[in-house]
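A.B. asks: Take this structure first; my questions come after.
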């Protein structure tokens, strides 16, 4: 997906604190493409968050794949609520989580940093959770 295609569309950011790898901030908002940078204006009125084109092109995915990357199933409902009516989900590393972000702990099944600093999420196979009781 190209960043320019997201102009005027609602997206969900999964903001991974680069210093605290167990904290993820979720922010949903309207995307705006300036021709050079994608900015997401949070629904809660917070400061716009800049997203590199690389993060969109390499890491963005459709919201229907969220159940496969969310390992912390007890908080999955929070993610589902924020993902309502979003076009795509964009994970990215940030130095600090923005004020107003929904903070969740130990959210992902697996997480790595790519060669260009992008987030790489590991997905679980679709189907029932083999660890569910």
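A.B. asks: What 222 nm value per residue comes from the helices of the chain, counting each DSSP H run with n ≥ 4 as -39,500 (n - 2.57) and dividing by all residues, nearest 500 deg cm²/dmol? Could you put the intermediate results ahead of the total?
C.D. replies: Working: 3 runs with 18 residues, N = 133.
When only DSSP H runs of four or more count, the value is -3000 deg cm²/dmol.
A.B. asks: Moving on to the next point. What is the Cα centroid distance between the stretch 69-118 and the stretch 1-53, reported in whole angstrom?
C.D. replies: Answer, in whole Å: 11.
A.B. asks: If you build the convex hull over the alpha carbons only and average its shadow over all orientations, what do you get for the stretch 3-122? Give it in nm² to one decimal.
C.D. replies: Values: hull surface 26.2 nm².
Seen from a random direction, the Cα hull of the stretch 3-122 projects 6.5 nm² on average.
A.B. asks: Roughly how many nanometres apart are two label points built 7 Å out from the Cα toward the Cβ at residue 39 and residue 78?
C.D. replies: Using points 7 Å along Cα→Cβ, the separation is 2.8 nm.
A.B. asks: Could you rank the peptides 72-78, 24-30, 8-14 by their average count of other C-beta atoms within 10 Å per residue, with the highest value first? Please list the in-between numbers first.
C.D. replies: Details: 72-78: 12.7, 24-30: 21.4, 8-14: 19.9.
In decreasing order of mean packing, 72-78, 24-30, 8-14 become 24-30, 8-14, 72-78.
A.B. asks: Under 17 Å from a point 7 Å along the Cα-to-Cβ line of residue 112: which residues of the stretch 14-46 have their amide N that close?
C.D. replies: Backbone N within reach: none found.
A.B. asks: What FRET efficiency, computed as 1/(1 + (r/R0)^6) with R0 = 22 Å and r the Cβ-Cβ distance, is obtained for residue 23 and residue 1, rounded to the nearest 0.05?
C.D. replies: Working: r = 26 Å, r/R0 = 1.17.
For R0 = 22 Å, the calculated efficiency reads 0.30.
Only the coordinates and a few stated rules stand behind these numbers; no lab work does. The structure displayed is predicted, hence computed values, not measured ones. Cβ coordinates were reconstructed from backbone atoms using ideal geometry, including for glycine residues, and neighbour counts include every protein chain displayed.
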